[in-house]
Every structure is written in C-alpha cells, then in structure tokens.
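Comments concern the structure below.
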Amino acid sequence: MINYVIMFGRRGILSIISDDNDFINVKQEKKNPVVKTDANDSDRAFENSIRPKDFGSYIGQTNLLKHLKITIEASKKREKALDHILFYGPPGLGKTTLAGVIGNEMGVPVKITSAPALERPRDIIGILMSLEENQILFIDEIHRLNKVAEEILYPAMEDFYLDMTTGKAQTVKTLRIPLPKFTLIGATTKAGELSGPLRDRFGIVHRLEFYTPVELAQVIKRTAKILDIEIDEKSAYAIARRSRGTPRIANRLIKRVSDYAIVKNDGKITEDIANKSLDILEIDEYGLDNTDRNLLKLIIEKYDGGPVGIETISAAIGEDSRTLEDVCEPYLLQCGLLQRTPRGRKVTPETYRHLGYKISNSNQQSLF
Ligand code: ADE
C-alpha cells in the first residue's frame with residue numbers, strides 16, 4: 001500500500017503527497033485533459049475529424065456492435081455505469097473510436113489516456129479522482145501498465161475506492177477514498193500480456209476483427225465524403241483491397257491517392273489512378289509494404305522458408321521486434337503468408353507464389 005498525506009479543503013480532497021513527495025493536485029488534474037502519446041498531432045487531428053461518433057455511422061465489427069448495443073441499453077435501463085470493457089486486437093481497427101462511440105451513446109464524457117502516461121502512482125490516482133459519476137476512462141496499451149498502477153486500479157475497478165495510508169509506524173492510518181462509479185475501457189494489441197487479475201476485472205472482453213474489403217470500401221467512401229473527395233465504387237474498392245483490413249490505413253491511403261489524383265488527373269480518382277498511386281507507394285495487391293516484404297523475403301532467401309526466431313528477423317531487417325509482432329505479423333498471419341510455430345516463423349507456399357519465388361525441393365516438405 002502507498003503512504004500518502006492527504007490535504008482536505010472545504011469541498012473535499014485538495015491534494016495528496018506521497019512518501020517520495022509525489023504531489024497530486026486533484027483540482028488541477030481535472031483541468032488537464034489527458035491525451036494520447038502514440039501519434040503525431042496532425043495524424044491525431046485528422047483521425048479525430050473523421051471518427052464516427054455513434055453506432056449509426058460506425059462501419060464494421062457487426063457482431064461486436066450487436067453485443068454493445070444490448071449492454072448499453074441494459075445499463076441505461078438500470079441507470080448504472082457500464083461494466084468495464086476490454087478491447088483487444090491489432091492496431092488501427094478502431095478501439096479508441098469505439099470508446100468514443102460508447103461514450104456518446106451513453107451520454108457520458110470519455111477521458112482518454114494510455115498506460116505509458118501513467119508511470120507514477122500520482123498519474124493514475126489523479127485521473128481516478130478527477131472522474132465524474134458514470135464517466136468512461138479509456139486506457140490504451142493497457143498491457144503496459146506497471147505493477148503499482150495495476151494494484152491501485154484493482155479496488156478502483158471492483159468496488160470504486162482507493163486505499164491509502166497516512167502517517168508512519170504506530171500512527172499509521174488507512175484511508176479509504178470513495179470514487180465515482182466509472183467505466184474503464186482498456187485497449188490492447190496484446191491481450192496475452194495482461195496480468196490475470198487485471199483481465200478478470202473486465203466484465204466484457206471483445207476482440208476486434210480485421211475489416212473485409214467491402215467494409216473498408218464503405219469506410220473509404222464515408223471518409224471521402226467528409227473530405228469532399230470524389231470517388232467511385234471501383235476506386236474505393238481498389239484502395240480497400242490494399243488497406244490490410246485496417247480502417248486507419250484505408251483512411252491514410254485515400255489522402256495519398258487523392259494527392260496523386262490532383263497532380264495527375266485534375267483531382268478525379270479512377271480505379272487506374274488509385275492503382276498507379278498505390279504502386280508508387282509500393283503497396284502491393286495484398287496491401288503489403290516494404291517492411292512486410294523484407295520480412296518474408298528474408299525468411300525465404302536466408303532461412304529456406306523458416307522456421308526462424310523473431311529476434312533474428314528483427315536484427316536482420318533492422319526493425320524493432322515489437323513493431324514486427326504488433327503491426328506486421330497479425331495481418332501476415334491473417335492472410336496466410338506467415339505461420340507461427342514453436343520453433344519460430346515460417347512462410348507458406350502462397351508467400352512463395354505472391355513474391356515470385358520458386359519452391360525448391362529441399363523446402364517442399366517443410367512448407368506443405
Ligand atoms: N473511420 C475509421 N474507422 C471507421 C469505422 N469503423 N466506421 C466508419 N468510419 C471509420
């Protein structure tokens with residue numbers, strides 16, 4: 001348990017000072033909006049401007065939406081905060097967007113932060129104490145929470161209080177600080193790295209799935225409309241096919257294709273213009289970029305199709321192993337170009353075909 005000196009004002013707790021002089025100004029914390037740290041400002045502003053705000057404008061994740069609509073309706077009828085929700089799945093599939101949609105549908109504000117921003121006890125305590133009744137707290141990359149922050153979260157999630165001690169030795173007193181009933185929405189690309197006790201405290205756990213090209217074409221048309229970009233069905237589908245099942249990528253590609261169309265075709269996007277522009281960006285028919293292809297080519301050229309360990313791949317192609325595991329691999333696994341085995345990663349006959357390699361006699365057996 002953490003030892004704190006708590007200062008009370010006429011309207012409740014004013015500030016908290018821990019043993020190591022870690023100072024929390026509760027009132028001030030309320031005024032400071034917490035922001036995500038993983039994207040640059042213009043990316044974030046663009047993503048925010050096109051995010052769907054409610055179920056009506058949200059495309060894809062049909063099953064998940066069905067469940068959420070029922071949960072939200074039940075919670076409204078009960079007049080109680082929603083259960084805590086955990087979303088997991090590859091990046092860019094809309095975990096943050098869904099948190100915003102849920103907030104809107106519930107009619108409550110959403111406070112957004114990410115685990116790396118909650119390094120010190122004061123960070124998580126400050127946020128918890130600044131929440132309002134029924135508010136949603138969204139913690140991105142929740143698998144990266146440190147042990148202390150997790151321990152603080154347990155009673156907060158379960159019974160809505162914080163346990164603190166004041167004083168030293170014989171004079172030590174335990175203080176239980178009540179918190180408003182809130183809903184924690186956690187998001188992670190690595191559900192397996194969440195500790196058991198934390199995972200167990202989420203009443204609702206959902207996996208986000210990759211989008212189909214048909215769904216992505218709808219996302220692209222919706223974004224194009226918001227950005228006042230003219231696009232037909234075929235062109236939207238051409239971009240969708242190369243967007244690796246990910247709305248965030250689809251939304252980035254539409255801007256690049258639109259730039260190309262402005263320069264080469266008076267702004268008019270055709271299927272041919274879309275394909276040419278994506279060829280220039282070196283995004284292939286599967287939606288693979290250079291990093292994906294380098295990873296796969298290395299396994300074929302240097303390891304005869306695999307298996308080979310992720311750390312070896314990472315060192316050889318000069319890409320962080322975490323990025324490879326979180327960003328590249330989920331899609332390559334999903335589209336059957338990569339396999340995970342106990343002895344490492346290996347490619348498939350389809351990888352050889354797609355990248356234009358011949359399958360040699362020596363690796364024929366291990367691949368099939
Ligand atoms: N933009 C990003 N994700 C979206 C989604 N799921 N629906 C509509 N527009 C989006």
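The values are calculated or read from the model by the stated rules, or taken from the named source; none is laboratory data. Quick caveat, the model's predicted, so the values are computed rather than measured. Glycine also receives a Cβ, built like all others from the backbone with ideal geometry; neighbour counts cover every protein chain displayed.
Odds and ends about this structure:
- Test: residue in the range 92-100 that is within 22 Å of the chain's Cα centre (by Cα) and more than 24 Å from residue 50 (Cβ to Cβ): no
- Test: residue in the range 115-124 that is in contact (Cβ under 8 Å) with a residue 12 or more places away in the chain, under 17 Å from the mean Cα position of the chain (by Cα), closer than 28 Å to residue 326 by Cβ and within 16 Å of the ligand (Cβ to nearest atom): no
- Applying the criterion of at least 2 residues that are modelled with pLDDT of 95 or more, under 30 Å from residue 213 (Cβ atoms) and within 16 Å of the ligand (Cβ to nearest atom) to the helices (runs of 4 or more DSSP H) found wholly in the range 23-85 leaves 62-78.
- All positions within the range 245-289 that are farther than 21 Å from residue 211 by Cα, part of a helix (DSSP H, G or I) and either of a type in the set (Asp, Glu) or touching a Gly at 6+ places or on another chain (Cβ under 6 Å) (or both): 259, 261, 272, 279
- Scanning the range 51-62 for residues that are farther than 17 Å from residue 107 by Cα and free of Cβ contacts under 8 Å to residues at least 12 places away in the same chain turns up just one, 62.
- Leading residue by the ranking (surrounded by the fewest Cβ atoms within 10 Å (Cβ to Cβ)) among those in the range 196-227 that are part of a loop (DSSP other than H, G, I, E, B) and within 16 Å of the ligand (Cβ to nearest atom): 212
- Restricting the range 228-237 to residues that are hydrophobic (A, V, I, L, M, F, W, C) and buried (at least 23 other Cβ atoms within 10 Å of the Cβ), the residue that is nearest to residue 209 (Cα to Cα): 236
- Subset of the range 238-255 that is more than 16 Å from the ligand (Cβ to nearest atom) and either modelled with pLDDT under 95 or of a type outside the set (A, V, I, L, M) (or both) - its residue that is surrounded by the fewest Cβ atoms within 10 Å (Cβ to Cβ): 241
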